[in-house]
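Student: Provided herewith is a single structure, encoded as structure tokens, for subsequent inquiry.
The values are calculated or read from the model by the stated rules, or taken from the named source; none is laboratory data. Given the structure is predicted, the values throughout are model-derived calculations rather than measurements. We place every Cβ from the backbone using ideal geometry, glycine too, and count neighbours over all the protein chains shown.
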Amino acid sequence: MDRFSWTTGLLELGETLVVQQRGVRLSDGEEKVKFDSGVLLLSTHRLIWRDHKNHECCIAVPLSQIVFIEEQAAGIGKSAKIVVHLHPASSNKEPGPFQSSKYSYVKLSFKEHGQIEFYRRLSEEITQRRWESMPTGQAMQVNKDSQAGRIRAVGIVGIERKLEEKRKETDKNISEAFEDLSKLMEKAKEMVELSKSIANKIKEKQGDITEDETIRFKSYLLSMGIANPVTRETYGSGTQYHMQLAKQLAGILQTPLEERGGIMSLTEVYCLVNRARGLELLSPEDLVNACKMLESLKLPLRLRIFDSGVMVIELQSHNEEEMVAAALETVSEKGSLTADEFAKLVGMSVLLAKERLLLAEKMGHLCRDDSVEGLRFYPNLFLTQS
Amino acid sequence: MHRRGVGAGAIARRKLTEAKYKERGTVLAEDQLAQMSKQLETFRTHLQAFASKHKQEIRRSPEFRLQFQDMCATIGVDPLASGKGFWAEVLGVGDFYYELGVQIIEVCLALRHRNGGLITLEELQQQVLKGRGKFAQDVSADDLLRAIKKLKVLGSGFGIIPVGGTFLVQSVPAELNMDHTVVLQLAEKKGFVTVSEIRDSLKWETERAKQVLEHLLKEGMAWLDPSPVIPVVPSPIPVIPIPVIPVPGAPAEGGHGLAGSQSRYSRCSQSHSRYSHSRYSRSRSTC
């Protein structure tokens, strides 16, 4: 930590900000210091840390002082870290928070994540060494000294070598993973080819394939994640799985729907259902495909799609057209309302409030006043007072 | 002499042959389906072997996820299509993205009243990471984009708009056509845009520029800052000195912060001549 200098935090001419991340703690080697929580900034020339509460407390180290960096994955109770190994401080270094340190490295703890992006950018900057081509007064001097520093820092070479080996090992693991991935994809490709040829056969036969076979084929495609190329459908892209899912949903959503006035947007349903599940979540497509089957399965819920494209689930007993009458009363009482105001009054989501007002307009009960101040709805006096 | 191919017998025989061919056709498809079923089982085994070695890598490494997704796309497979698919069940890749979808929806909903339903990918990423807490895995921009693409199908207006080198994420069902997105891209450069800038750089007529800006205003996606620009200087003097390290809590650049809805719009009703010097900045939350 003795390599850091106090700084104002302002960038020099020619110095550019590359990336910043908040919620970062600085440690001197293995020891905690008072730089507990702050913003870490990476520029083309320096690594800067500024305390998040006291902006006067700002320190920096030139990138040229960095020997190399490594990542430390997060663990239980520990954030992910980047370890930055540094050359010894140059003799003409500006004063900083520490005169001396027994460590030649510092640790950056990313308490609010962001370490992956930061590591990537820091690696880039260290490789590109942009500070050499964009000199600012300070940077040139420090560079010269780091050459001398290299000769002195013998101990660091040993560490470098060990970490290089470790890096090679990790690289090997990664390349093995990618190799395995490629092999897996080859096999997946075969499955795709096979499904294409079956799909062609089905097209050729044009109606001579049984319902049963269609259902089987669709479930195979679902397993592989292959889009269904056969257009003749009975239940959309639905399969047995989606049918079961539809029945489940009818059970799960009954009470929440009643609590919300009989209607919910599909995004609300998606969040509700997946939060409740915790694991083995539904994909958005699963949800839509299941909901498309609700009506034909004669379940007490149905999917409704408004003109705007907004999709909702309604209780069968829910009648949006009746709700429009109530909406008209509310709007009349207040003279006029925007979707936001209406939503607040009635206790609905803004999305659904807007759809109800639009429906009321479509049915002729409300008129719109569309200006830069927003979309406002009035009772349709043309209808009632003509 | 025997005349072949004529007579009731011949017809009956032909019918029989045809029927046999048809039957054979059905049998062929049946065979292929059975073959596919078997191959699926084999594939599933391979996938399980892969998962036992590399499942962690998928959850841990955005680079690996990216590679995985790209390869799937190349061969025509969507690993996120269904939670019931092999990829989700065996590799667990589904849960990662579907949960991310939930988190994205929640963040967008929470901030909608401040930014009108438009948020930069960077800010979305920051907010999502905050919500995920200390022990969750990191998410990359690519992860977010893939999760959002899947959310589109829910019909609540999720969309991705490319601007400059990054993206804006839309989460309300507002109609934004090419004109709107082009202006948003222009505004993203400095954080605001004026009618005259649009006229100059896009070569549009004033009316067209105004219409687009008004639409964005109506949708609550832009603020109007009517303070007149000093006419002596050709381009507005930047309000912030170069370089800047933004201090959290300071008002948003180039525009007004969270003015009450009444005061914001009352400025618009002022004299028409102010319009051309007015600056439109994208509503953004000050986190």
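Student: Quick one: in the range A:191-219, of everything that is within 10 Å of another protein chain (Cβ to nearest Cβ) and within 32 Å of the chain's Cα centre (by Cα), which residue is nearest to B:L40 (Cα to Cα)?
Tutor: A:M191
Student: Something else: Being more than 32 Å from the chain's Cα centre (by Cα) and either surrounded by 15 or more Cβ atoms within 10 Å (Cβ to Cβ) or under 16 Å from A:L10 (Cα atoms) (or both) narrows it down to one of A:G114, A:G96, so name that one.
Tutor: A:G96
Student: Given the conditions (1) touching a helix residue (DSSP H, G or I) at 6+ places or on another chain (Cβ under 6 Å); (2) buried (at least 18 other Cβ atoms within 10 Å of the Cβ), which single one is not true for A:V372?
Tutor: Among (1) touching a helix residue (DSSP H, G or I) at 6+ places or on another chain (Cβ under 6 Å); (2) buried (at least 18 other Cβ atoms within 10 Å of the Cβ), the lone unmet condition for A:V372 is (2).
Student: Being more than 9 Å from every other protein chain (Cβ to nearest Cβ) and of a type outside the set (G, A, S) is the filter here, so list the residues in the range A:267-276 that pass it.
Tutor: Hits for the range A:267-276 are A:L272, A:V273.
Student: Based on what the data block shows, is B:K152 within 19 Å of the chain's Cα centre (by Cα), facing chain A (nearest Cβ under 10 Å), under 22 Å from A:G309 (Cβ atoms) and basic (K, R)?
Tutor: Answer is yes for this residue.
Student: If I filter the range A:75-85 for residues that are over 28 Å from B:Q137 (Cβ atoms) and at pLDDT 85 or above, do I get at least one hit?
Tutor: Within the range A:75-85 (the criterion being over 28 Å from B:Q137 (Cβ atoms) and at pLDDT 85 or above), the answer is no, since none of the residues qualifies.
Student: Looking at (1) under 31 Å from the mean Cα position of the chain (by Cα); (2) modelled with pLDDT of 80 or more, can you tell me which one A:Q240 breaks?
Tutor: All conditions are met except number (1).
Student: For the range A:31-54, check the following and say yes or no: at least one residue is more than 24 Å from A:S100 (Cβ to Cβ), within 11 Å of another protein chain (Cβ to nearest Cβ) and surrounded by fewer than 20 Cβ atoms within 10 Å (Cβ to Cβ).
Tutor: yes
Student: Taking the range A:58-94, which residues are assigned to a loop (DSSP other than H, G, I, E, B) and not charged (D, E, K, R)?
Tutor: Just the residues of the range A:58-94 that are assigned to a loop (DSSP other than H, G, I, E, B), to begin with: A:73-74, A:76-77, A:79, A:87-94.
Result: A:A73, A:A74, A:I76, A:G77, A:S79, A:H87, A:P88, A:A89, A:S90, A:S91, A:N92.
Student: Right, something else. Of these, A:A343, A:A290, A:A326, A:A246, which one is closer than 30 Å to A:L381 by Cα and either within 10 Å of chain B (Cβ to nearest Cβ) or within 30 Å of the chain's Cα centre (by Cα) (or both)?
Tutor: A:A343
Student: Of (1) touching a helix residue (DSSP H, G or I) at 6+ places or on another chain (Cβ under 7 Å); (2) within 14 Å of another protein chain (Cβ to nearest Cβ), A:H85 satisfies all except one. Which?
Tutor: For A:H85, the failing item is (2).
Student: Report, by residue number, each residue of the range B:64-89 that is assigned to a helix (DSSP H, G or I) and touching a residue at least 24 places away in the same chain (Cβ under 8 Å).
Tutor: So in the range B:64-89, the residues assigned to a helix (DSSP H, G or I) come out as B:64-75, B:86-89.
Those that are assigned to a helix (DSSP H, G or I) and touching a residue at least 24 places away in the same chain (Cβ under 8 Å): B:R65, B:L66, B:F68, B:Q69, B:F86, B:W87.
Student: Could you list, ordered by first residue, the pairs with Cβ atoms under 7 Å in which the first is in the range A:339-364 and under 22 Å from B:C108 (Cα atoms) and the second is of a type in the set (V, I, T) and at pLDDT below 90, at least 6 apart or interchain?
Tutor: A:A339/A:V350; A:D340/A:V350; A:A343/A:V350; A:A353/A:V346
Student: Okay, next question. Could you figure out which of (1) more than 9 Å from chain A (Cβ to nearest Cβ); (2) closer than 17 Å to A:K183 by Cβ; (3) surrounded by fewer than 18 Cβ atoms within 10 Å (Cβ to Cβ) isn't true of B:L91?
Tutor: Just one mismatch for B:L91, condition (3).
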